[in-house]
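Student: Dropping a structure here in structure tokens format, bear with me for questions.
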Amino acid sequence: MSDPMKIRASVVGDVTEVKVLMSHEMETGQRKDAQGQTVPAWFIQNVVVSHNGKTVLAAQWGTAVSKNPFLSFKFKGGAKGDKVSISWTDNRGDKRTDEAVIA
Amino acid sequence: MMVLRAALALAAMAIAPALFAQGSTADEIAKYRAALRDGNPAELWEVRGEALWKQKRGPKQVTLGGCDLGLGAGVVKGAYAQLPRYFADADRVMDLETRLVWCMVQLQGYTEADAKKNPFGSGNEKKSDLEALTAYITSEARGAPMKVALSHPKEVEAYRIGEKLFFFRGGTHDFACATCHGEDGKRIRLQDLPNLMTAEGAQKAYTSWPAYRVSQGELRTFEWRLYDCFRQQRFPELVFGSDAAIALTMYLARNANGAPYDGPAIKR
């Protein structure tokens, strides 16, 4: 079970700024453990952000993204009280979706 | 290819003066920290810690809501800025981590060994509840002025022992804490070390722990900081929650008095 994301979304004028912290190991597949065995790659592959059911950001990530990634972006539109929904899927097929209300 | 190389060389020449004008490594590290401050992953620990604090856990299935961190049962706001302190119920000076263990034992019915079996987490498989709880409670003290009292004789005693430990030289390197932290301008590799003998240095250092260590991908508590300092100076392992750890914390926390608490922070 993955930990919840921490999402902040605020609107200034007609631009909404979204800041997301995700809890994920983001293993690169390059490391070895104490026994010398390769630690298998484990990372977020797809990120989709939607606002009122419309996708405002879709991203494909790889192993170069850090552990516990922080994502910050802006989109046009959005009003106070609207919901922003963020989902990620990792290469093991684990999923997580969290929602935040725009402040 | 030649043309490209020439272009690159020209570009490099154009960049070089700008690089020299950018100031010292310490300034660059400060910029790096400032850039990371927004979206500090310590918040993930804070969120998990808050859930743990409010969750019914342990053999007795109760929350930590009845835990007295010094300001009354269940009062979290600002409590960390006044720790360590003497607790009459335990008849002992305690820092935050030790008090949490005490509450987990007394209220939730954990054995002491269970409560403190995982003080420092490592990755997804070995998450530390104590680190998460510490992150939550310290985050609730952000902005509160450091106000560690020396009113009880045991608090004074802890402070004195902490002071002794700070200047105690030993280990294979004949190091004391003061060897690295007693003068301005000392460093390990490229990291400037705080001079803990000045009020400003002690305040800046103490109020920025716990912190998320980017290089480890973990949130680290003040007990961890001391534990790792002991390791670096080749001292015997500092036992978690021991009198020595609490005394040293007392000495440094008291010396930070007056400054607003500013953690959990983010560090390289």
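What follows is calculated from the coordinates using simple rules that are stated; it is not laboratory data. Quick caveat: nothing in here was measured; it's all calculated off a predicted structure. Counting neighbours? That spans all protein chains shown, and the Cβs are built from the backbone with ideal geometry, glycine included.
Student: What does chain A give for Rg and for Dmax, in Å, if only its C-alpha atoms count?
Tutor: For chain A, the Cα-based Rg and Dmax read 15.4, 55 Å.
Student: Something else: Taking every alpha carbon pair in the range B:33-267, what does the distance histogram look like in 5 angstrom bins from 0, in percent?
Tutor: 1, 7, 14, 20, 21, 18, 12, 6, 2, 0, 0
Student: How high is the relative contact order of chain A, in percent, with contacts defined as C-alpha pairs under 8 Å that are six or more residues apart? Provide the component values of the computation, followed by the final result.
Tutor: On the way: 238 pairs, mean separation 33.2, N = 103.
Value for chain A: 32 percent.
Student: Can you tell me the FRET efficiency between B:Asp89 and B:Thr179 if r is taken as the Cβ-Cβ distance and R0 is 45 Å, rounded to the nearest 0.05?
Tutor: Once rounded, the FRET efficiency stands at 0.75.
Student: Here's something else I'd like to know. Could you tell me which of rounded, prolate or oblate describes the protein assembly as shown, using a ≥ b ≥ c as the square roots of the eigenvalues of the alpha-carbon gyration tensor, with rounded for a/c under 1.5 and, failing that, prolate when a/b is larger than b/c and oblate otherwise?
Tutor: Numbers: a/c = 1.81, a/b = 1.29, b/c = 1.40.
In terms of gyration-tensor shape, oblate.
Student: Considering amide H positions built from the backbone, and no H for Pro or chain starts, which residues 5 or more places from B:Arg220, or on another chain, come under 5 Å of its amide H?
Tutor: So B:Arg220 has HN proximity to B:Ala211, B:Tyr212, B:Arg213.
Student: Using the 10 angstrom Cβ neighbour count as an exposure proxy, how do B:Glu223, B:Glu125, B:Glu200, B:Glu155 rank, fewest first?
Tutor: B:Glu125, B:Glu200, B:Glu155, B:Glu223
Student: Hey, another quick one. Would you mind giving the mean number of other chain beta-carbons within 10 Å of the Cβ of each residue in B:43-49, as a whole number?
Tutor: Going residue by residue through B:43-49 and averaging, the value is 4.
Student: Rank B:Ala90, B:Ala247, B:Ala149 by mean-square fluctuation in a GNM of chain B with C-alpha springs under 10 angstrom and give only the top-ranked residue.
Tutor: Highest fluctuation of the listed residues: B:Ala90.
Student: Do you know the Lys pair count in the range B:124-188 for C-alpha distances under 30 Å, with sequence separation 8 or more or different chains?
Tutor: Number of lysine pairs found: 4.
Student: Short version: ³J(HN,Hα) in whole Hz for each residue of the range A:77-89, in order, from phi by Karplus 6.51 cos²θ - 1.76 cosθ + 1.60 (θ = phi - 60°), x for Gly and Pro, what are they?
Tutor: Couplings: x, x, 9, 3, x, 5, 9, 10, 10, 10, 10, 10, 10 Hz.
Student: Next question. So how do B:Phe167, B:Phe222, A:Phe75 line up by other beta-carbon neighbours within 10 Å, fewest first?
Tutor: With the sparsest Cβ surroundings first, the list reads B:Phe167, A:Phe75, B:Phe222.
Student: Most exposed first by the Cβ proxy, i.e. fewest other Cβ within 10 Å, how do B:Met197, A:Met26 rank?
Tutor: B:Met197, A:Met26
Student: Given the Cα-Cα distance of B:Lys60 and B:Arg231 and 0.36 nm per residue of separation, how much length would full extension add, in nm? Intermediate results must be reported in sequence, preceding the final value.
Tutor: Details: separation 171, 0.36 × 171 = 61.56 nm, distance 3.66 nm.
Roughly 57.9 nm would be gained on extension.
Student: For chain B, what does the helix formula give at 222 nm: sum of -39500 (n - 2.57) over DSSP H segments with n ≥ 4, over the residue count, nearest 500 deg cm²/dmol?
Tutor: On the way: 11 runs with 123 residues, N = 268.
Helix-only estimate at 222 nm: -14000 deg cm²/dmol.
Student: How high is the relative contact order of chain B, in percent, counting Cα pairs under 8 Å that sit 6 or more residues apart? Intermediate values should be presented prior to the final figure.
Tutor: On the way: 451 pairs, mean separation 60.4, N = 268.
It comes to 23 percent, rounded to a whole number.
Student: Do any cysteines in chain B lack another Cys Cβ under 4.7 Å, and if so which?
Tutor: When partners are defined as cysteine Cβ atoms under 4.7 Å apart, chain B leaves B:Cys177, B:Cys180, B:Cys229 without one.
Student: With each pseudo-label sitting 7 Å past Cα toward Cβ, what's the A:Ala34-A:Thr89 distance in nm, one decimal?
Tutor: Label at A:Ala34, label at A:Thr89, 3.6 nm between them.
Student: Only loop residues by DSSP count here, and only those with at most 11 other Cβ atoms within 10 Å; note down the trypsin sites (Lys or Arg not before Pro) in chain A that meet that. Don't skip to the end; give the middle numbers.
Tutor: Values: sites: A:Lys6, A:Arg8, A:Lys19, A:Arg31, A:Lys32, A:Lys54, A:Lys67, A:Lys74, A:Lys76, A:Lys80, A:Lys83, A:Arg92, A:Lys95, A:Arg96; in loops: A:Arg31, A:Lys67, A:Lys80, A:Arg92.
Here the trypsin sites (Lys or Arg not before Pro) that fit, given the DSSP loop and packing criteria, are A:Arg31, A:Lys80, A:Arg92.
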